[in-house]
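The values are calculated or read from the model by the stated rules, or taken from the named source; none is laboratory data. The structure presented is a predicted model; accordingly, all values stated were derived computationally and were not measured. Note that we place each Cβ from the backbone using ideal geometry, even for glycine, and neighbour counts take in every protein chain shown. All accessible areas refer to the heavy atoms of the entire protein, side chains included, with ligands and DNA or RNA removed. Shrake-Rupley method; radii C 1.70, N 1.55, O 1.52, S 1.80 Å.
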Amino acid sequence: TCVDLPPTVTITNPPVGAVPGQPDLVVDANAFDASGPYVTLSLRGLGSDPEDGAVTLRWSTNKGDVQPGDVATGTQALGIGTVLSAKLYTSCTGAYFGTVDHVITLSVVDTAGNRRSVTRVVRVQTLC
């Protein structure tokens, strides 16, 4: 019997934070558009599969209620690729009051349907 091995995936930027239980990266929003205050962050990752070779890397955030796009809650797609320039938003409304912790997920799926993902927590903050 052949066993299809799962893909591998790694986030190289932002790196893992130094303090367990705290965000991996804390950044200040430094721009503003119609969707609110944000910071542009360079996300970098690697992924491969033993059988398939190259795989498609998909980036997302768990903050669909803050991040503009297709959904109003839950997971919001950020983009595809090994390097992605992503706008991460914060909000001065509701429970956030200027501090939003984005759980950034990098996911891959191989042709056999094996899924792997890895996360980083990025705190985006602003004065409200």
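Before moving on, here are some points about what is shown:
- The charge dipole of the range 4-128, taken about its Cα centre with unit charges on the Cβ atoms of Lys, Arg (+1), Asp and Glu (-1) only, comes to about 260 debye.
- As a ratio to 2.2 N^0.38 Å, the alpha-carbon radius of gyration for the range 69-111 is 1.41.
- Entry comment: accessible area of the chain is 56 Å² per residue, from protein heavy atoms only and a probe of 1.4 Å.
- For Gly17, residues with placed amide H under 5 Å, excluding near neighbours: Asp24
- As a fraction of the 1.4 Å probe accessible area of the range 1-75, surface on carbon and sulfur atoms comes out at 54 percent.
- Computed Rg/Rh of the chain, alpha carbon atoms with Kirkwood Rh: 1.03
- Given charges at Cβ of Lys, Arg, Asp, Glu: the chain dipole, positive-most of Thr61, Val19, Thr111: Val19
- Taking each residue as 0.36 nm, the span from Ile80 to Asn13 lengthens on full extension beyond its C-alpha to C-alpha distance by 22.6 nm.
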